[in-house]
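Scroll down for the structure; my scribbles are underneath it.
The values are calculated or read from the model by the stated rules, or taken from the named source; none is laboratory data. Source: prediction; values computed, not measured. Cβ: placed from backbone, ideal geometry, glycine included. Neighbour counts: every protein chain shown.
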Amino acid sequence: MVKYTIQRLLYMILVFLIITCMCFILIRMLPLPALPPNDPHTEIIQLRRESLGYNKPYMVQFGIFLKNIFTRFDWGISEQLYIGRSVWSVFMEKLPASMIVNLYSILWTIPVGIALGIFAALKKNTWIDYLISTLTMVVISVPSFVYAFLIQYVLCFKLRLFPFVMKGGTDWFSWPMFVSVVPAVLALSFGVIAGFCRTTRAELTEVLTSEFMLLARTKGLTKAQATVRHALRNCFVVIVPGIFGEFIGILGGSLIIERIFAIPGVGGLTLNAINARDYNVFIMSTCFYTAIGLLASLVVDISYGFIDPRIRMGSKK
Amino acid sequence: MSNNEMNYEHIPAEKFAFVQDKDRLHDTELKTKARSFFADAMLRFSKNKSSVFATWILAFLILYAIVAPLLSPYGIRDKDPIYINFPPYIKAISDLNIGIFDGAKTYDSQNDNSMLAWDAIYQETGMNPLLRVTGTHETEQLSRGQTIKRTTYDIEVNAYYAKGMVYRTFSYSEFEKIQKYQNETGIQVVYPYVESKDINDQTDTPNVWYQVDSKGAPVTDSNGNLIPAYSTRTSYEGAPYNSIRIPGDDGSYIYSFKKAGAVQCRVCYYNYYRYLHGGDLPTYLMGTNALGQDIFCAIGIGARFSLIFAILVSAINLSIGAVYGAIQGYYGGFVDMALDRISDILSGVPFVVVTTLFQLHLAQKVGVVPSFLFAFVMTGWIGMAALTRRQFYRFKGQEFIMAAKTLGASDRRLMFKHIFPNAIGSIITSCALVIPGVISSETSMTYLGIVNLSDFAGTTIGTLLSQGNSVVTTAPHAMLYPSIFLGLLMICFNLFGNGLRDAFNPTTRGEDA
């Protein structure tokens, strides 16, 4: 298992480097936007570009880029949006806002989603199951900005329960901050609830009809005992990796939800960087999103092995 | 025991007769028509009520996309400069007074002076903007030792009537044409001019035609009527006016104001609009958006693009993915592994980054739409390839393949004549689920403004949603109708796709995609 994990990790790093290299070169090939003429930073940025090898071959530039990250953790300097500031510090400033919204959202959606899924599976082919399945299907189909709009219009504007956009400041865990992120959290939550509900229902219905469940009942367990001890355990093999993946996804946030609710997060920064042609910020965002995506799939794959002995044994061969 | 029931165990021998005695026996032709795989699937599909229902709605939505832009009196290039984010309005339905399509816009906490101003528009144009009063609030205020009762109203007004007057500058010939139109139809377009010095130096208030005090509040005479403040200074008149005059005009009011080489007029925009559109009233079934486009038409235009684009993307991805997956699945081993690494790398690149890079690099050279298409094709085929690969692994070890191989069939023949037709069912059905995915991503990208297709397609659903999102509170209709359309489209496509998959692969029924 350890060997498998290390193998996967190394492979992930390799894929990450290849993707970053590709994107880096493609971004560096773009013509650079003009710098403001009388800004004191302009001259420094020009000198920096010289030292970063902007007139050398692209692979050399990528080498310098990597070297700066490994030796000084220097991701470059923002050249348009936050002129002269280190990209890393800007990024770290934006990260908490994205994380807080996702954190609140998954903290309540995962239990609710799984509970609904279990409920639907136990009541299979009754009206409750049909209702839950239909709602799940609807929520998964409809894009998030549609219900973000409904939430914003009904809860924030008509009923005036919550502020329209996220409040400023950095008091991440205060009560006013919590209230101001509720609409965004809700908008993010529906999709997650529906996703977990559907997976749980599908898995559990399959497990419930398998033969070992019959055996469990015949040896004298009640339905509740058999479900909790045997059925749920088996369906968690699929669900738990999903939970881990979701937790990694916290970092990423959602471009759309962040835009609608004016969350000062990573997604907004990325969009602004694209519009303002701030390429150093864009490279950082690219690396970040790529890393999140790869890490999530890695964690899911490895956690399968940790949870399910059958898969663990299979990987040893 | 009834007579029909027989004792089958002891049937006497003489009851038996030969069917055929002398002639040779032939197989009879099948009496019933053989049901093909496709017909069988369709039969199963038609038993799935929710999918059939979804298919009907889907058909309606597609019909909408085709027909709506033709039905609408406006094209996508008709952008009204004044009716921006205006609510749905159809005069015929509005006149029924049932609260729909009446261009209703809510104004809260209107005091008596504001109510008088609304009434003033009614008095001048003869069109009452006030639709209904939804609430009255009475507050008591202490002012200079006295309790003053103030009443405020929450009202809904017809936004089209409430727009009232606007200032417009015309050339002399245009001014002549308007007068001619007025004489022919009897519709008052141009109203007497009001100079800002007559209304306490207020500017940019074209709706004020009465005397006001220094705060801009209307001044009334002893009977509570408004006092007109129309200009009578004929020396400032821009051009001679020989057309219908408003009631109460003794012929001294001037209807235009001198500007360099042109005249400035106060025009009633609702009537001016009729003049511009050959007498047609503004008819916006779903209101207008931030550019003054008819949303009813714009949704159709956007949906046309989305659907065509999604089908195109799916077709291309299907072809690439099928070939790629076929090679992976058929050859297996090293080829499979090597190709898998490539798709691993491509699928790791975030879609936003792919789209952005393609836009930045290629949009100038090959156009926005092709570069957007490339971005979709770049990563979109991976899912299809994985699916085809699985199907190939399933079939390639089976006996009929071995038999074909023994008979000397080439690799290509085995792949595309023997295995592929077996896998086509699940590949096609997954295509029905890919289309909504493409529409959803396309909408997200245009919504975020990463891709701007307005020049090519006129508008897209994503653009409409993005425009509507910035005016959610003042013009919710601008977001509501595109949202409903998109939501329905997605739900129906998914239901349709699920139904199709269940019909083609009955074994996977119940597993959602």
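At-a-glance table
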| item | result |
| --- | --- |
| Filter pass, B:LEU346 being part of a helix (DSSP H, G or I), within 28 Å of the chain's Cα centre (by Cα), of a type outside the set (Lys, Arg) and closer than 30 Å to A:THR286 by Cα | no |
| Filtered residues of segment B:53-95 (kept if among the acidic types (Asp, Glu) and closer than 19 Å to B:TYR272 by Cα) | B:ASP78, B:ASP80 |
| Any hit, segment A:55-67, residues being under 25 Å from the mean Cα position of the chain (by Cα), buried (at least 18 other Cβ atoms within 10 Å of the Cβ) and under 30 Å from A:ILE25 (Cα atoms) | no |
| Residues being over 30 Å from B:LEU346 (Cβ atoms) and either within 30 Å of the chain's Cα centre (by Cα) or assigned to a helix (DSSP H, G or I) (or both) - total across segment A:1-49 | 10 |
| Residues that are surrounded by fewer than 21 Cβ atoms within 10 Å (Cβ to Cβ), in contact with a Ser or Thr (Cβ under 8 Å, 6 or more places away or on another chain) and either touching a residue at least 60 places away in the same chain (Cβ under 8 Å) or among the aromatic types (Phe, Trp, Tyr) (or both), drawn from segment B:190-213 | B:GLU195 |
| Those residues of segment B:362-373 which are at pLDDT 90 or above and surrounded by fewer than 17 Cβ atoms within 10 Å (Cβ to Cβ), in sequence order | B:PRO370 |
| Any hit, segment A:231-242, residues being part of a helix (DSSP H, G or I), under 17 Å from the mean Cα position of the chain (by Cα) and within 12 Å of chain B (Cβ to nearest Cβ) | no |
| Those helices (runs of 4 or more DSSP H) lying entirely in segment B:1-117 with at least 1 residues of a type in the set (Val, Ile, Thr) and in contact with a strand residue (DSSP E or B) (Cβ under 8 Å, 6 or more places away or on another chain) | B:91-95 |
| Residues that are under 27 Å from the mean Cα position of the chain (by Cα), of a type outside the set (A, V, I, L, M, F, W, C) and on the phi > 0 side of the Ramachandran plot, drawn from segment A:68-89 | A:GLY76 |
| Some residue of segment B:413-431 being touching a helix residue (DSSP H, G or I) at 6+ places or on another chain (Cβ under 8 Å) and under 23 Å from B:ARG341 (Cα atoms) | yes |
| Answer from B:LYS405, B:LYS365 - the residue that is within 14 Å of chain A (Cβ to nearest Cβ) and among the charged types (D, E, K, R) | B:LYS365 |
| Search result, residues across segment A:1-48 that are exposed (fewer than 12 other Cβ atoms within 10 Å of the Cβ) and basic (Lys, Arg) | A:LYS3 |
| Exclusive hit being under 23 Å from B:ASN183 (Cβ atoms) and assigned to a helix (DSSP H, G or I), set B:ARG266, B:ARG274, B:ARG245, B:ARG304 | B:ARG274 |
| Every pair of residues 6+ apart whose Cβ atoms lie under 7 Å, when the first sits in segment A:143-163 and is more than 9 Å from chain B (Cβ to nearest Cβ) while the second is surrounded by fewer than 22 Cβ atoms within 10 Å (Cβ to Cβ) and outside any helix (DSSP H, G or I) | A:LEU155/A:LEU161; A:LEU155/A:PHE162 |
| Criterion violated by B:VAL472 - all others in (1) in contact (Cβ under 8 Å) with a residue 12 or more places away in the chain; (2) within 20 Å of A:ALA148 (Cβ to Cβ) satisfied | (1) |
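Matching residues to (1) over 15 Å from the mean Cα position of the chain (by Cα); (2) part of a loop (DSSP other than H, G, I, E, B); (3) more than 10 Å from chain A (Cβ to nearest Cβ):
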position: B:VAL451; (1), (2), (3): yes, yes, yes
position: B:PHE456; (1), (2), (3): yes, no, yes
position: B:ILE484; (1), (2), (3): no, no, no
position: B:LEU488; (1), (2), (3): no, no, no
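One line per residue, one yes/no per condition, for (1) within 30 Å of B:ALA41 (Cα to Cα); (2) free of Cβ contacts under 8 Å to residues at least 24 places away in the same chain; (3) surrounded by 22 or more Cβ atoms within 10 Å (Cβ to Cβ):
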site: B:PHE395; (1), (2), (3): yes, no, no
site: B:ALA404; (1), (2), (3): yes, yes, no
site: B:PHE416; (1), (2), (3): yes, no, no
site: B:ILE424; (1), (2), (3): yes, yes, no
site: B:ILE427; (1), (2), (3): yes, no, no
site: B:VAL438; (1), (2), (3): yes, no, no
site: B:ASP455; (1), (2), (3): no, no, no
site: B:GLY458; (1), (2), (3): no, no, no
